[in-house]
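Below: the structure, in structure tokens.
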Amino acid sequence: MNGGGGATFAALAVPNYRRYIGGQAVSLVGTWMQAIAQSWLVLELSHSGTVLGLVVAVQLLPVLVFGAYGGLIADRFDKRRILIAAQVTMGTLALVLGLLTITGAVRLWMVFVLAFALGLVRSVASPAQQAFPSEVVGPQLLGNAVSLNQIVVNTARAVGPAVAGTLIATVGIGPCFLVNAASFVAVVFALVRLDRDALHPATPVVRASGQIREGLRYVRSKRELLLPLAMMAVIGTLAYEFQVVLPLMAQGPLHGGAAAYGLMTSAMGIGAVCGGLVLAPRVRIGLRALSRLAGAFGVTILAAAAAPTIAVELVALLAVGAASTAFLTTASSTLQLTAEPQFRGRVMALWTMAFMGSTPIGGPIIGAISEAASPRAALVTGAAACIACSLLGLAAARRGAPDRRPAQDDRIADDHPLTPEHPALDTECEPGRASTVGAGRISA
């Protein structure tokens, strides 16, 4: 396939995918609105970067603790039904927080409780959400669906924060939560309307003892799974703490407010959309590609740390967003193309734990660094983690197999597990040869 528009948007030819991604687009705008509103609400209630980091940590702690079991649930049960139940529950939690905020009854401990409850839901929903697009589009369009999903996620990240910043500045924080609650109706409606006969469900894993340990052993036995997960754990812990550090940058060194924070997050989203459009027709996967992108991500974060004004910061964050999308898409695609179908839910649960579950550790650390030194120092810490992982990853990749461009007739399907004869590492992939990235790290 070429890099033209047809290749870029190939997955949209699948009616089920159009329904699914349309519902996601509406819901994710609301989710990003809540992400901005929740961070600003915590700062108003506590005036503390450390507390902000703790709230984000509490929200994602269940992902770290229960994420592996959530992956097993995704392997055992109907992913569509899991997602419907999760969306209804998350919409209810957003409604409760919105009503508490609007009535003035909200207290900091309530935000902690609701954040923890949301984390419990996500610990089950995230692995299913990561693996579900493969059932919607099938193996040949999977990589294209990955990039399109990232485009939608990051378009929402561009739109949602800007709308949230405007609402917070004009009518207050509470309406952002209510809009998010309403937005879940769209994705539930889309999931209910999917043509189930046209889905490509993986064969459910039969219940047996020791299946979580079995998944961990499987990952440990495959270097091409273990190393990307390790890189993601380090980078996820120290670099992907933007919901902690960006409001502090806006409020502190850049002398802005909620609107400035919304613009900063939107700039990252716009950059990510551009990165996704470039990446969609052709996805390169493997340890070498991932390591190089980790280094590029670190360099862009350094630029954001050094920005002297909001205008320069917005330009730097455009680059951060593009590099982030490229890194996340490459990492998730490498994992899903390498993992055998019966382990995909558990492998992607480990991805979710490394990406989102690392926040209970990283959020308070980055918040404390921001308070003790500065938000700029916190960004530099994340950049250093990216660059260190990049150098170590490139050193490990030099000891592995050379890059291989797959033959045109290579096909990776659910009934054809990857083997040494069909390697997934360090190959340049046409559309449909990579895998799915979920909604990203959204602490809303």
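Filter segment 88-104 down to the residues that are more than 20 Å from ALA190 (Cα to Cα) and hydroxyl-bearing (Ser, Thr, Tyr), then identify the one that is nearest to the chain's Cα centre (by Cα). Here the answer is THR101. Hey, does segment 42-50 have a residue that's on the phi < 0 side of the Ramachandran plot and in contact with a Pro (Cβ under 7 Å, 6 or more places away or on another chain)? Looking through segment 42-50, at least one residue is on the phi < 0 side of the Ramachandran plot and in contact with a Pro (Cβ under 7 Å, 6 or more places away or on another chain). If I go through segment 362-377 residue by residue, how many of them are surrounded by fewer than 21 Cβ atoms within 10 Å (Cβ to Cβ), modelled with pLDDT under 90 and closer than 21 Å to ALA233 by Cα? The total comes to 2.
Might you check whether a residue that is modelled with pLDDT of 85 or more, assigned to a helix (DSSP H, G or I) and under 20 Å from GLY30 (Cα atoms) occurs anywhere in segment 286-297? Among the residues of segment 286-297, not one is modelled with pLDDT of 85 or more, assigned to a helix (DSSP H, G or I) and under 20 Å from GLY30 (Cα atoms), which makes the answer no. Determine, yes or no, whether SER266 is modelled with pLDDT under 90, surrounded by fewer than 18 Cβ atoms within 10 Å (Cβ to Cβ) and of a type in the set (S, T, N, Q). In short, no.
Can you tell me how many residues within segment 44-71 are surrounded by fewer than 20 Cβ atoms within 10 Å (Cβ to Cβ) and in contact (Cβ under 8 Å) with a residue 12 or more places away in the chain? Let's see the steps before the verdict.
We begin by selecting, within segment 44-71, every residue surrounded by fewer than 20 Cβ atoms within 10 Å (Cβ to Cβ); these are 44-48, 50-51, 65-66, 69.
Checking the rest, the ones that are also in contact (Cβ under 8 Å) with a residue 12 or more places away in the chain come to 44-46, 48, 50-51, 65-66, 69.
Residues that pass the stated criteria total 9.
The C-beta contact set for segment 208-219 (first residue acidic (Asp, Glu), second residue open to solvent by less than 70 Å² (accessible area, probe 1.4 Å) and assigned to a loop (DSSP other than H, G, I, E, B), distance under 9 angstrom, 6+ apart or interchain) comprises GLU214/ALA208.
Can ARG220 be described as among the charged types (D, E, K, R), in contact with a helix residue (DSSP H, G or I) (Cβ under 7 Å, 6 or more places away or on another chain), in a loop (DSSP other than H, G, I, E, B) and open to solvent by 20 Å² or more (accessible area, probe 1.4 Å)? Let's see the steps before the verdict.
Details: among the charged types (D, E, K, R): yes; in contact with a helix residue (DSSP H, G or I) (Cβ under 7 Å, 6 or more places away or on another chain): yes; in a loop (DSSP other than H, G, I, E, B): no; open to solvent by 20 Å² or more (accessible area, probe 1.4 Å): yes.
Judged against the criteria, ARG220 is not a match.
The values are calculated or read from the model by the stated rules, or taken from the named source; none is laboratory data. Since we're looking at a predicted model, the values are computed, not measured. FYI the Cβ positions are ideal-geometry reconstructions off the backbone, even for glycines, and counts take in every protein chain you see. What goes into the accessible areas is simple: the full protein's heavy atoms, side chains included, and nothing from ligands, DNA or RNA. Shrake-Rupley method; radii C 1.70, N 1.55, O 1.52, S 1.80 Å.
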